[in-house]
Amino acid sequence: MRRMAVFCFPALAGILAVPIAVANHDIDQRPGPPPHSCRMGMDMQQGEHRMSGMQMGGMRMAGMPILGEFRALPAEIDSESNPITPAKVELGRLLYFERRLSASGQLSCNSCHDLASYGVDHQPTSLGHKNQRGTRNSPTVYNAAGHFAQFWDGRAATIEDQAKGPILNPVEMAMPSEKAAVAAIRAVPEYVARFEAAFPGETDPVTFDNIANAIGAFERKLVTPSRWDRFLEGDGNALTAEERAGFQWFMHSGCASCHSGTFVGGNSYQRLGEAVPYPERSDLGRFQVTRQASDRMVFKVPSLRNVEMTAPYFHNGKVATLEEAVTRMARYQLGVELLPDEKRVIVAWLKTLTGELPAEYISEPKALPGD
């Protein structure tokens, strides 16, 4: 039998209309429907072992699929509206770890987005002010500056906008107002001097917007290059045969319809349960922002960079392992039941997205003296 791989990847549709031999099966690749109505067609007999006899030495590899819109990470993710400067980055690092930006004086950005733990807290949902639990899993801050929107529901356009939210959220850091947050920072004399250096020419640089701008500038430096980037830059030895097979199967299964680009995701919204209704439907996703019926169960597609290190998974943090996450995505988004070997090689490739943490930024700096 032949497996029909249906792509929902407009940029690749024209150039992928050729068969590629993978794991001793010929796969016809044809243009598919638009991304928001992605479907995967299967023409396989139930129980056929699609990856049968898969030996890395004997696998027929007819070259890698066209890489298309996949790109290596930049050294930093700059912004015209908030240019990166050394003074701004160092100030942002201090503010990222600053507990005085919380009502209790006990929480910081790093509490939920731990830089030493790949930017997450490994909790289904995070503990916040007075031990309240949030309703959604805390996504990693690494590489997030390049995403097209922030939060699971996309309610913030940039990381600078995003940085303001947790500070004022009564369940998270719970500062009562922007004015209170600014007052807490202004009470520290060295902060005032650092804001003046980071935002030269401003009459009164210690503002809530500039708190967010400094944190954003710091986060724009938080990129994690990986073996996948080395491969994209031309190092053919960066990936093993098994990992290359995993990328092929990732493409052939239709995963790239949502997870593509520099960040392997983070660049679109998709409905959870596109092919098969998702069983947990209490969180309506982007509908809570737009109130548009078409946005029910729609979420921002997360980046898969560092996915190996950022469990648990999904918007509610209810999926504990990467293997289960792959199984669920194939089932509910693509209508595919992956066989064990297919899942194994996909997971092997996903692990090549695990990057190097920026050592100069992950340790907590000494807090500035003040009230």
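Taking 0.36 nm per residue of sequence separation and removing the Cα-Cα distance, the Val276/Lys318 pair yields an extension gain of 13.3 nm. The length gained on full extension between Leu339 and Gln288, counted as 0.36 nm times the residue separation minus their Cα-Cα distance, comes to 14.8 nm. Its Cα gyration tensor gives the range 216-371 an equivalent ellipsoid; the semi-axes, largest first and in whole Å, are 28, 25, 14. Remark: spin-label model distance Glu356-Asp204 equals 4.5 nm, labels positioned 7 Å along the Cα→Cβ axis. The mean sequence separation of alpha-carbon pairs under 8 Å and at least six residues apart, normalised by the residue count of the range 100-186, gives a relative contact order of 29 percent. With the convex hull of the Cα atoms taken as the outline of the range 86-223, the averaged projected area works out to 7.9 nm². May I ask for the distance between the Cα centers of the range 272-345 and the range 192-247, given as a whole number of Å? Here the answer is 26 Å between Cα centres. Here's the list of lysines a cross-link from Lys179 could span, going by alpha-carbon distance under 23 Å and ignoring same-chain residues fewer than 8 apart: Lys88, Lys130, Lys164. Placing a label point 7 Å from the Cα of Ala157 along the Cα-to-Cβ direction, the residues of the range 293-320 whose backbone N falls under 20 Å from that point are 300-301.
None of the figures in this text is laboratory data; all of them are computed from the coordinates on show. As the structure is a computational prediction, the values presented were derived from the model and not from experiment. Note that each Cβ is placed from the backbone with ideal geometry, even for glycine, and that neighbours are counted across all protein chains shown.
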